[in-house]
Amino acid sequence: MSSPTLIGTSGDSLREAFGRALAALGGEHQDVVVLDADIAGGTGAHHFRKAHPDRFLQFGIAEQNMMAAAGGLAAVGLLPVVTTFAVFCLRAVEQARLSLAYARRNAKIVASHPGIDVGPDGGSAQALEDLAAFRAIPGMTVVSPADPIEMALATRAIIEFDGPVYMRTGRSPAKRIFDDSHSFEIGKGKIVCDGTDVTIVACGVEVARSLEAAHLLERDGIAARVVNMPTIKPIDSALLSRCARETGAIVTAEDHNIYGGLGGAVAEALARTSPCIMEFVGLRDTFGASGEPDELAEHFGISAPFIAEAAKRVIRRKRH
């Protein structure tokens with residue numbers, strides 16, 4: 001399998017891709033209502049507000065109330081989509097747990113501005129714990145698409161999926177990875193670049209960086225497999241087990257704390273099936289900072305060169 005070429009250099013932001021997809025889906029699904037916490041311009045929800053103003057509900061800066069209300073709306077047959085920044089979702093975890101997951105409501109939470117992709121807004125606005133928090137809630141599906149094409153497909157998938165979902169989008173321009181033939185299925189990962197020496201498992205904005213890392217490794221004669229893992233929960237255990245058996249070394253890459261997110265999910269899955277040597281690329285139990293996303297990725301060690309170095313380390317450990 002040949003590695004895909006990144007399409008362009010910046011492309012759409014994931015939040016805008018989500019907003020446009022949701023607005024289009026609103027025409028097909030008359031039961032969809034969107035809940036906003038006074039930041040529709042920052043989440044992409046402004047597209048839905050313009051297209052379907054009668055189904056756009058403004059809650060102001062009251063995320064806990066908004067999350068609880070979503071449970072009530074779902075209880076009467078509507079399909080609520082809660083939109084806000086990822087860091088603000090953290091203050092409403094209790095309501096997501098009780099009003100949505102515990103009550104088994106068909107509601108969706110879509111969070112923009114995750115990780116250090118937030119950029120200049122700084123550490124207080126950069127959610128590095130959200131995947132861990134929502135992954136730990138029983139019955140909650142957790143999704144983090146990689147590019148605008150996949151975001152549009154994932155938006156349709158979560159709307160048509162029955163059950164509570166937490167999905168990350170993104171603030172900054174996202175590199176195009178996939179073409180229009182790409183497909184998305186909740187609970188499934190995909191090999192997007194094949195190799196036999198090491199497997200890099202990534203989600204969100206780190207998929208593009210992992211492909212760049214694979215190209216860097218190729219120059220050193222290392223064949224890296226890159227797996228796009230857009231569903232963190234339920235994770236594709238079968239694909240992970242296959243990759244562990246075939247390459248014998250795993251690196252995970254995520255714009256999130258190394259604790260509790262994609263890396264933890266991969267390690268837990270492999271511990272049950274195919275224990276494997278691993279390295280984790282992510283923020284190392286620290287808060288973020290203010291800066292441009294690519295500068296922050298270098299500073300915190302989640303850019304392509306750091307992923308490549310992690311791959312080399314895990315290969316050395318495998319050999320010795």
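Among the residues of the range 192-211, just one is surrounded by fewer than 18 Cβ atoms within 10 Å (Cβ to Cβ) and not polar (S, T, N, Q), namely 194. Can you find a residue that is more than 20 Å from the chain's Cα centre (by Cα) and not basic (Lys, Arg) anywhere in the range 81-92? The answer is no, given that none of the residues of the range 81-92 is more than 20 Å from the chain's Cα centre (by Cα) and not basic (Lys, Arg). Residues of the range 142-177 that are over 14 Å from the mean Cα position of the chain (by Cα) and either on the phi > 0 side of the Ramachandran plot or among the polar types (S, T, N, Q) (or both): 163 alone. Every listed requirement among (1) modelled with pLDDT of 95 or more; (2) over 15 Å from residue 207 (Cβ atoms); (3) in contact with a His (Cβ under 9 Å, 6 or more places away or on another chain) is met by residue 171 save one, (1).
Determine if the range 261-273 includes at least one residue that is more than 18 Å from residue 189 (Cα to Cα), in contact with a helix residue (DSSP H, G or I) (Cβ under 6 Å, 6 or more places away or on another chain) and modelled with pLDDT of 95 or more. No - not one qualifying residue is present in the range 261-273. I'd like to check something: does the range 106-121 contain any residue that is among the small types (Gly, Ala, Ser) and surrounded by fewer than 17 Cβ atoms within 10 Å (Cβ to Cβ)? The answer is no, given that none of the residues of the range 106-121 is among the small types (Gly, Ala, Ser) and surrounded by fewer than 17 Cβ atoms within 10 Å (Cβ to Cβ). Among all residues of the range 306-315, there is at least one that is surrounded by 23 or more Cβ atoms within 10 Å (Cβ to Cβ) and either closer than 19 Å to residue 115 by Cα or free of Cβ contacts under 8 Å to residues at least 24 places away in the same chain (or both). Of all the criteria given as (1) surrounded by 20 or more Cβ atoms within 10 Å (Cβ to Cβ); (2) at pLDDT 95 or above; (3) within 29 Å of residue 31 (Cβ to Cβ), the one not satisfied by residue 182 is (1). Of the set (1) over 21 Å from the mean Cα position of the chain (by Cα); (2) closer than 16 Å to residue 197 by Cα, all apply to residue 251 but (1). Residue 318 meets all of the listed conditions (1) over 17 Å from residue 257 (Cα atoms); (2) in a helix (DSSP H, G or I); (3) modelled with pLDDT of 95 or more but one, namely (3). The number of residues in the range 134-172 being surrounded by fewer than 24 Cβ atoms within 10 Å (Cβ to Cβ), charged (D, E, K, R), touching a residue at least 60 places away in the same chain (Cβ under 8 Å) and farther than 16 Å from residue 23 by Cβ comes to 1. Of all residue pairs spaced 6 or more apart or on separate chains, those with beta-carbon atoms under 7 Å, a first member in the range 11-24 that is aromatic (Phe, Trp, Tyr) and a second member that is part of a helix (DSSP H, G or I) are 18/151; 18/155.
The values are calculated or read from the model by the stated rules, or taken from the named source; none is laboratory data. The shown structure was predicted, so the numbers you read here are calculated from the model rather than taken from an experiment. Cβ atoms come from the backbone with ideal geometry, glycine included; neighbour counts cover every protein chain shown.
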